[in-house]
1. I need the chymotrypsin sites (Phe, Trp or Tyr not before Pro) found in segment 181-259, filtered to DSSP loop residues with at most 10 other beta carbons within 10 Å of theirs.
2. What nm distance separates the two modelled labels at T246 and R117, each placed 7 Å from Cα along Cα→Cβ?
3. Take the residue pairs K157/K249; K201/K238; K34/K238; K34/K201 and return only those whose Cα atoms are more than 26 Å apart.
4. GNM, the chain, Cα, under 10 Å: largest mean-square fluctuation among R62, R192, R272?
5. Can you list the aspartates and glutamates whose alpha carbon is less than 13 Å from that of K16, not counting same-chain residues fewer than 8 positions off?
6. Over the Cα atoms of the chain, what Rg and Dmax result, in angstrom?
7. If the reach is capped at under 17 angstrom between alpha carbons, list the aspartates and glutamates near K90, excluding any in the same chain fewer than eight residues apart.
8. Hand me the GluC sites (Glu not before Pro) from segment 200-287 located in a DSSP loop with no more than 14 other Cβ atoms within 10 Å, in residue order please.
Amino acid sequence: MGSDTLLDVLRGIILKRVENDTLVVPSLPELASKCLELLRHDEVDLREVARLIERDPVLATRLLRQATSAAMGGDGHVTIHQATTRLGSKNVRTLILDASAAQLFRSRDQRIAAAARQLWEHSLAVALLSRDLAAILGGGLDAEAAYLAGLVHDVGKPIAASILLEAERASDTSRFKLTADSWLAVVQGVHRPIGVALAEKWRLPDAVAAAIRESTEYDSSERLSLGNVVCFSNSVAKLQEIYAGTFDKPDAEALIMLGRSLLGLEDDVIARLSNGLRSRVVGEFAA
């Protein structure tokens, strides 16, 4: 079965599952879900959130690392509760969703794992660019929301990869043959509705779900939208060759030119955003 035919078949299966509400997408880990439920309230008791985070060593470590970073002005000696208070509810929420999304890009299957690392590096690059760009543009853009939107704009890809691998194992091996590039092409062709479904299941902000839908084209009716920020950042990351698989370079260059005009960006700003991006991604990935 060729990749184009498989793409049509798999897209039809996924869209039907989305329509019938039978698409299985991962739930948030129980502890993360409890924390986020608390953080949805304006009068959240951060001590209660801290007590939950203390039960997850990985999450607690990430929280402490971020709270004691130089950017946060930390002194290196804080408790979980102090770290939670220092970061604030919005940053803690982003950190929890960041850690939860990262789990989707990990797999015991070597074929998925290798591709998933590249997918996750791209997502991190888009997230970092989106946060920086939102801070530069201002205009009511929420930098943390922009980071989250960039982080999850491709979150449907590892789920699509798993579905594809499942289909491959269940099919006649003489008919079901894909190269690495065509395998990624199929994943890239079907991931968008999965990402939107996951955003709804995880109860992500509406603007973030919209950014998942619109991260490949601009919305001229709402210049300073998360979708436009993510679309621009997505193209910059691609041209920095932080991407899994192949992409249309002229198309990415055209999107940057359009975005530069739409968002009112100067060339030096774009260069500053791009400079050292891969090193930043590697540092984030290691963390």
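Nothing in this text is a laboratory measurement; each read-out follows from the coordinates by a stated rule. As the structure is a computational prediction, the values presented were derived from the model and not from experiment. As a convention, Cβ positions derive from the backbone with ideal geometry for all residues, glycine included, and neighbour counts pool all protein chains shown.
1. Values: sites: W183, W202, Y218, F232, Y243, F247; in loops: W202, Y218, Y243, F247.
Sites meeting the loop and neighbour criteria: none at all.
2. Each label point lies 7 Å from its Cα, and together they span 2.4 nm.
3. The answer is K201/K238; K34/K238.
4. R272
5. Candidates past the 8-residue exclusion: D8.
6. Calculated on Cα positions, Rg and Dmax stand at 19.3, 60 Å.
7. Result set, ordered by chain and number: E37, D42, E43, D45, E48, D98, D132, D142, E144, D206.
8. E217, E222, E241, E266
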